[in-house]
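The values are calculated or read from the model by the stated rules, or taken from the named source; none is laboratory data. Nothing here was measured: the structure is a model prediction, and the numbers come from that model. Here the Cβ positions follow ideal geometry from the backbone for every residue, glycine too, while neighbour counts run over all protein chains shown.
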Amino acid sequence: MTSQHTPKSVLVTGGAGFIGCNFVRHLLETDETVRIINLDALTYAGHRASLRDVENAHSDRYIFRHGDIRDRATVRNIFADHNIDTVVHFAAESHVDRSIDGPLDFVETNINGTATLLEAARSHWADRSDCRFHHVSTDEVYGSLGSEGFFTEDTPYDPSSPYSASKAASDHLVRAWHRTFGLPMTLSNCSNNYGPYQFPEKLIPLMIGNAVARKPLPVYGDGSNVRDWLFVIDHCTAIDAVIRRGQLGRTYNIGGHNEMANIDVVHLLCDLVDEFLPGQDSRRELITFVTDRPGHDQRYAIDASRMSDELGWNPSVTFAEGLRASVRWYLDNEVWCAEVTGDQYDGERLGLK
């Protein structure tokens with residue numbers, strides 16, 4: 001049985017990051033009554049530039065707080081000052097390659113930060129029934145699939161990287177706070193997101209930027225690794241549905257129904273950039289196969305039937321539509337790309353240690 005929840009004062013953690021900023025936009029645009037407090041540490045992948053127009057357009061309903069989810073005093077004060085009734089927890093270190101280079105950062109933020117939020121929510125809400133803590137996680141906690149089958153909400157956890165292991169640990173914490181303390185929570189595990197405002201270290205924006213600049217397009221291994229691709233706006237509508245109608249204590253897998261090998265994604269991106277910025281040579285000639293990532297999972301695929309059956313949600317954007325929109329967005333927003341990367345990232349290879 002689903003439950004009904006109406007968010008009023010929402011704490012979005014990591015709301016200046018990729019999925020978070022898209023969710024902030026979605027919620028403000030679709031619910032005229034909601035107030036959002038965005039708590040973000042503004043590390044390399046979080047930027048106020050991603051929400052500059054939102055700050056101007058919704059100054060009466062949107063507040064930005066620069067801070068770390070591990071800071072107990074900051075988190076407690078936000079709950080008290082804004083009477084938070086809903087938490088949407090995006091904040092996380094999220095790049096697998098970076099977790100190979102610096103695993104302890106992932107432990108600190110993804111595990112300890114989540115525990116700090118859970119304790120603040122438990123303390124502030126006490127026995128209230130009009131609250132909801134939603135934890136956003138990843139399908140990577142399930143490990144790697146063979147050539148057949150799908151991840152379901154009952155698939156055993158088998159993480160391969162420090163990143164996915166830290167997310168698995170945070171998932172377990174959220175469920176434990178529900179079972180032990182009765183914290184009203186929901187949890188979602190999503191497939192690979194893509195779309196506007198994604199930091200250019202991830203596959204799709206990195207390939208777009210390199211293809212535009214006619215730089216090498218590094219593809220790990222032989223490019224046969226398969227991912228299910230979810231357009232970020234579809235992910236936001238799914239999270240919204242879970243928050244409002246999801247069953248307390250329940251997990252929901254969110255997928256895009258778009259399985260594709262990495263090399264095929266890169267081919268499509270090359271063709272789209274060639275279409276928008278035609279030249280003499282195909283960008284496919286820039287593809288360069290490089291040493292595979294350590295512990296690289298072969299295939300992810302999501303069974304999202306629970307989302308459809310219980311909440312009536314299905315992805316609305318095809319991969320062809322979403323990929324075309326993404327390439328167009330990055331071509332139209334080169335200033336944003338330059339601003340957020342700055343001197344922090346120039347496309348260098350990470351995760352070889």
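The table below lists the values:
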quantity	calculated
Those residues of region 204-225 which are in contact with a helix residue (DSSP H, G or I) (Cβ under 8 Å, 6 or more places away or on another chain) and within 24 Å of Phe90 (Cα to Cα), in sequence order	Ile204, Pro205
Matching option when the condition is more than 22 Å from Gly20 (Cα to Cα) and part of a helix (DSSP H, G or I), among His178, His172	His178
Residue among Arg284, Arg244 that alone is in contact (Cβ under 8 Å) with a residue 12 or more places away in the chain and farther than 30 Å from His26 by Cα	Arg284
Any hit, region 209-218, residues being assigned to a loop (DSSP other than H, G, I, E, B), under 26 Å from Gly102 (Cα atoms) and at pLDDT 95 or above	yes
Which numbered condition Ser137 misses (of (1) small (Gly, Ala, Ser); (2) touching a strand residue (DSSP E or B) at 6+ places or on another chain (Cβ under 7 Å); (3) over 19 Å from His172 (Cα atoms))	(3)
Elements of type helices (runs of 4 or more DSSP H) in region 62-166, at least 3 residues being without any contact (Cβ under 8 Å) to a residue 12 or more places away in the chain and over 22 Å from Ala261 (Cα atoms)	72-82
Residue in region 59-72 that is modelled with pLDDT of 95 or more, closer than 27 Å to Asn192 by Cα and under 15 Å from the mean Cα position of the chain (by Cα) present	no
Residue count for region 181-201, restricted to those that are under 22 Å from Gly102 (Cα atoms) and outside any strand (DSSP E or B)	4
Selection count, region 11-28, where residues are of a type in the set (A, V, I, L, M, F, W, C) and more than 16 Å from Glu55 (Cβ to Cβ)	3
Flag for Glu119 being at pLDDT 95 or above, charged (D, E, K, R) and either under 24 Å from Val75 (Cβ atoms) or over 19 Å from the mean Cα position of the chain (by Cα) (or both)	yes
Region 1-50, subset within 16 Å of the chain's Cα centre (by Cα), polar (S, T, N, Q) and not in a helix (DSSP H, G or I), residue surrounded by the most Cβ atoms within 10 Å (Cβ to Cβ)	Thr13
Yes/no for Cys236 being in contact with a Lys or Arg (Cβ under 6 Å, 6 or more places away or on another chain), of a type outside the set (S, T, N, Q) and either surrounded by fewer than 19 Cβ atoms within 10 Å (Cβ to Cβ) or part of a helix (DSSP H, G or I) (or both)	no
Residue in region 72-88 that is small (Gly, Ala, Ser) and surrounded by 18 or more Cβ atoms within 10 Å (Cβ to Cβ) present	no
Any strands (runs of 3 or more DSSP E) falling wholly within region 248-353 and containing at least 1 residues that are at pLDDT 95 or above and of a type in the set (S, T, N, Q)	251-254, 287-290
